[in-house]
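Read-outs: derived from the displayed coordinates by stated rules, not from any lab. Just so we're clear, the structure is a prediction, and the values are computed from it rather than from any experiment. A quick note on method: Cβ atoms are made from the backbone with ideal geometry, for glycine too, and the neighbour counts reach across all protein chains shown.
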Amino acid sequence: MERSLVRPRNRKILAGVCAALADRFGISVKLVRLGFVLFGFFGVGELVYIALWILIPKAN
């Protein structure tokens with residue numbers, strides 16, 4: 001069964017983007033959050049996060 005990419009209503013801190021990516025790819029949400037923090041140091045993380053926030057739908 002393929003997992004869909006949706007932002008969950010629980011397990012989120014800001015918008016649920018990291019939780020959605022972690023659920024979809026079966027990895028720890030802490031690793032995804034750490035990745036966004038590291039990418040944030042290069043100025044890319046914030047832009048990617050905002051784009052994914054807009055593109056990934058909310059769970060029902």
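Principal-axis analysis of the Cα atoms of the chain puts helix 45-55 at an angle of about 30° to the longest axis. The H on the amide N of Arg7, modeled in the peptide plane, is under 5 Å from the matching H of Lys58, Ala59, each at least 5 residues off or on a different chain. Between the helical axis of 29-41 and the longest alpha-carbon principal axis of the chain there is an angle of about 30 degrees. Find which of Gly43, Asn10, Leu31 sits farthest along the positive direction of the dipole of the chain, computed with +1 on the beta-carbon of Lys and Arg, -1 on that of Asp and Glu, about the Cα centre. Going by the Cα projections, it comes out as Asn10.
Rounded to the nearest whole Hz, the Karplus-based 3J(HN,Hα) values (6.51 cos²θ - 1.76 cosθ + 1.60, θ = phi - 60°) of region 18-23 follow the sequence 5, 5, 5, 5, 5, 5, with x at glycine and proline.
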